[in-house]
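Below is one structure, written out as structure tokens; comments come after it.
The values are calculated or read from the model by the stated rules, or taken from the named source; none is laboratory data. Because the structure is predicted, anything quoted here is derived from the model rather than measured. Virtual Cβ from ideal backbone geometry, glycine too; neighbours counted across all protein chains shown.
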Amino acid sequence: MVRRVVSANGSMRQGKSATTVFGSSRSESRAAVLKDVALRAGVDASTVSRVLRGDERKPARAETRERILQVARELGYRPNSVARSLRTRKTEAIGLVIPDAGNPGFAEIFKGVQTATAQTGWHVIVVEGRGPNHPDLGWERLVFEGRVDGVLVLTASLRDPLVQRVARSGVPLVLVNRRSDGVVGSVVVNDARGAEVAVDHLVSLGHRRIGHIAGPPTIDTGRRRTAGFRAAMRKHALPLRNSWIAGTDYTEAGGAEAARSLMDKSGPDLPTALYVASFLSGIGAMKVFKDAGLRIPHDISIIVSDELALAAHTNPPLTTVFMPVRRMGEAAATMLLAAMAQEPVADIVLPDEPQLVLRASTAPPGEGWRVSR
């Protein structure tokens with residue numbers, strides 16, 4: 001039976017069902033589905049499905065195709081991703097594994113990942129992974145239960161059995177801001193050059209007694225930043241004293257512990273400036289120094305790796321080395337999408353030059369440390 005129905009704009013239309021009303025009243029009650037598009041376009045649902053997914057094995061006539069596309073736009077039709085994943089065996093999602101959800105530095109990397117994936121319609125699932133030996137790493141289940149089609153990993157250590165296992169499984173994987181033994185496919189920034197920029201700045205201010213709060217030696221970024229620091233100190237013919245170097249993780253608590261260790265090891269023979277390998281470590285170190293009665297930068301200058309908006313709001317505002325971490329995230333996601341299309345991966349160092357961001361935490365040497373012990 002053909003019955004006339006009234007659309008939202010009041011015009012009379014002919015439809016094939018007495019229960020179907022086109023226009024805003026329908027869209028307000030539920031989202032359009034494939035059958036709605038087929039009904040309004042006057043074609044089979046299978047034809048709509050082929051047109052909307054671009055299947056050219058049995059192409060529709062040009063006018064039919066245009067009518068289907070027009071109806072889909074009018075109804076605001078969005079494909080059912082669950083049904084599509086069952087049909088194609090693809091989730092249309094990638095995993096992004098970060099070490100610490102509380103670290104604001106990963107937000108910039110995520111923005112870069114989103115820039116690349118938004119253009120292709122892929123979804124990003126963010127998971128916190130605290131290390132390869134953690135007993136309940138959600139991202140491992142995410143990968144091996146087939147919930148994602150590929151994974152970006154920011155947690156890899158230099159010798160990481162879990163990352164190696166995922167790489168051997170054939171699941172597309174790209175390491176971000178990390179490299180790991182035996183795994184090909186990574187995007188990093190020039191951390192060694194960033195450390196050199198930091199040391200060059202401190203030397204230009206007149207500092208000759210420069211220390212370093214380093215990252216973990218088991219992580220690629222920690223090693224590269226420390227190597228860059230040592231190379232820059234040798235370039236300027238400055239002393240490299242082990243008592244002026246303290247290692248830590250990339251956390252505020254770790255930075256505080258490293259600062260206390262540095263003060264304990266050095267005694268009265270302390271540096272006048274520090275290059276700190278991460279933003280959060282620098283925050284923790286600053287608190288320890290200020291609690292000890294030290295003035296920043298008069299008694300101790302501090303420069304940290306990675307520029308974050310929060311750096312302008314610390315006390316004093318932190319001098320930083322800007323690294324292109326957002327572009328790193330974008331490049332890594334682009335590589336992963338290519339890997340999922342069966343293209344080869346590689347190990348890439350972004351060529352972008354690190355940039356100095358000057359604030360109030362660095363200055364020429366003052367009186368030096370005056371701490372009662």
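Residues in region 114-172 that are at pLDDT below 85, in contact with a helix residue (DSSP H, G or I) (Cβ under 8 Å, 6 or more places away or on another chain) and hydrophobic (A, V, I, L, M, F, W, C): LEU137 only. Screening LEU238 against (1) touching a strand residue (DSSP E or B) at 6+ places or on another chain (Cβ under 7 Å); (2) surrounded by fewer than 22 Cβ atoms within 10 Å (Cβ to Cβ); (3) in a helix (DSSP H, G or I) leaves a single unmet condition, (3).
Against the test of being at pLDDT 95 or above, crowded, with 23+ Cβ neighbours inside 10 Å and in the same structural domain as LEU318 (by TED's automatic domain parsing), the options ALA227, ALA259 yield a single qualifying residue, ALA259.
For region 181-220, the tally of residues that are part of a helix (DSSP H, G or I), modelled with pLDDT of 95 or more and not basic (Lys, Arg) stands at 13.
Scanning region 182-191 finds one or more residues that are of a type outside the set (A, V, I, L, M, F, W, C), within 12 Å of ALA277 (Cβ to Cβ) and buried (at least 22 other Cβ atoms within 10 Å of the Cβ). Taking each residue of region 116-130 that is under 15 Å from ALA156 (Cα atoms) and looking for partners that are part of a loop (DSSP other than H, G, I, E, B) with beta-carbon atoms closer than 7 Å, six or more apart or interchain, yields GLU128/ASP100; GLU128/ALA101; GLY129/PRO99; GLY129/LEU137; GLY129/THR155; ARG130/PRO99. Here are the criteria: (1) on the phi < 0 side of the Ramachandran plot; (2) crowded, with 17+ Cβ neighbours inside 10 Å; (3) not small (Gly, Ala, Ser). Tell me which single one ASN177 does not satisfy. Here ASN177 clears every test but (1).
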